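As structure tokens, the structure follows; a few thoughts come after it.
Any read-out appearing in this document is the output of simple, stated calculations on the displayed coordinates, not a laboratory observation. All of these numbers come straight from a predicted model, not from anything done at the bench. Every residue, glycine among them, receives a Cβ derived from its backbone with ideal geometry; neighbour counts consider all protein chains shown.
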Amino acid sequence: MITRESKEQEISEISERLAKAKAAFVVDFKGLNVEKVTKFRKLLSPIQSEMKVVKNTLAYRALNEHEAFKGPLEGKLTGNNAFVFAYEDVSASAKAVTAFAKENEELVLKTGVMDGRLLDEAQIKFLATLPGKPELQAKLLGTLQAPSQKFVSLLNQVPSSFVRLLAAYRDKVGGTAA
């Protein structure tokens, strides 16, 4: 039997995870064996995400402390549920969840919440197609570097053009200028 203290501890743990999470996805894991659940958890760990199986009543009590998650998830938690908390790169977490769900039909994407907005399965799958944080950082860096690279190239063209002009003059005169 679950004691009142263990329920309070569970609510506290869910609440802490919600406070840290940038997004949360709700999945139905019914039918997954322990080996597959463990594999899924190991897949999530390197991308700063984790899966937590929750009782719906305890999850609703934890959601009361987090309005950004409570409003969108109100009435959405039915059946067997697990939360996948995305602490860093939300698109990487969405990619991991959708890829695992594609391989394992037992895992069903139900819904998600990001920035106080409810996400349906199609929106989560779209989020999974977006580039990850490292790729976006690389694109931003390339964009920021482009003007300075063009400026350096332009500065380099002036002496290069002058040297080519001197070489052409030398070839025209027919001499070997030093």
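Give LYS42/LYS133; LYS36/LYS139; LYS22/LYS42; LYS39/LYS70; LYS7/LYS39 a once-over and call out the pairs whose C-alpha atoms are over 25 Å from each other. Intermediate results must be reported in sequence, preceding the final value.
On the way: LYS42/LYS133 20 Å; LYS36/LYS139 35 Å; LYS22/LYS42 20 Å; LYS39/LYS70 29 Å; LYS7/LYS39 27 Å.
As for pairs spanning more than 25 Å Cα to Cα, those are LYS36/LYS139; LYS39/LYS70; LYS7/LYS39.
Treating the angle as unsigned and between 0 and 90°, give the value, to the nearest 10°, between the Cα long axis of helix 133-173 and the longest Cα principal axis of the chain.
Approximately 10 degrees, to the nearest ten.
Please find, in a Gaussian network model of the chain (springs between Cα atoms separated by less than 10 Å), the residue of SER153, SER45, SER91 whose mean-square fluctuation is greatest.
Per the Cα network of the chain with a 10 Å cutoff, SER153 tops the list.
In deg cm²/dmol and to the nearest 500, what is the mean residue ellipticity at 222 nm of the chain if only DSSP H runs of at least 4 residues count, each as -39500 (n - 2.57), divided by the residue total?
Numbers: 7 runs with 107 residues, N = 178.
It lands at -20000 deg cm²/dmol.
Just to check, using Stokes-Einstein with a Kirkwood Rh over alpha carbon pairs, what's the diffusion coefficient of the chain at 20 °C and 1.002 mPa s in µm²/s? Kindly include the intermediate steps, with their values, before the conclusion.
Details: Rh = 19.7 Å.
Rounded to a whole number, D works out at 109 µm²/s.
If you average the alpha carbon positions of segment 4-55 and of segment 95-109, how far apart do those two centres end up, in angstrom?
So the two Cα centres are separated by 15 Å.
Can you tell me the FRET efficiency between GLU5 and LYS133 if r is taken as the Cβ-Cβ distance and R0 is 45 Å, rounded to the nearest 0.05?
Working: r = 39 Å, r/R0 = 0.86.
Approximately 0.70, to the nearest 0.05.
Name the residue, out of PHE29, PHE162, PHE151, whose mean-square fluctuation peaks in a Gaussian network model built on the chain with Cα pairs under 10 Å.
PHE162
So if we plug the beta-carbon distance of GLU105 and LEU144 into 1/(1 + (r/R0)^6) with R0 = 45 Å, what FRET efficiency do we get, rounded to 0.05? Write down the numbers at each step before the final one.
Values: r = 44 Å, r/R0 = 0.97.
Once rounded, the FRET efficiency stands at 0.55.
Can you give me the angle between helix 34-44 and the longest principal axis of the chain, using Cα atoms only, in degrees from 0 to 90, rounded to the nearest 10?
40
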